[in-house]
Amino acid sequence: MKKTLMVSALMLSALLVYLHADTKRGSKDQYQTATVVSVDKHVAESNYVGSPTDAPLQAEDYSYDIGIRLDCNIYVGRY
């Protein structure tokens, strides 16, 4: 009985390792080639109402809107 249980556990663990390795091998085909179609500098809008001389300082952060084409769709993301 104990020997049968040990063999069953060993077979189950070997099967789990094989299935995990098989899913890892198939997942590397998920990447697709895309084309960059546009890169634009993003300018943050100021929501200050009043005199421009009294406006608070704006942070110096740089962000860009990047457009990529994948198949027939264009996706825009901010970096």
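When the residues of the stretch 33-52 are filtered to those that are part of a loop (DSSP other than H, G, I, E, B) and modelled with pLDDT of 85 or more, the one that is surrounded by the fewest Cβ atoms within 10 Å (Cβ to Cβ) is Thr33. Whether any residue in the stretch 10-29 is modelled with pLDDT of 70 or more and assigned to a loop (DSSP other than H, G, I, E, B) is what I want to check. No, the conditions are met nowhere in the stretch 10-29.
The values are calculated or read from the model by the stated rules, or taken from the named source; none is laboratory data. Quantities reported herein were computed from a predicted structural model and do not represent experimental measurements. Methodologically, a virtual Cβ is constructed for each residue, glycine included, from the backbone with ideal geometry; neighbour enumeration extends over all protein chains shown.
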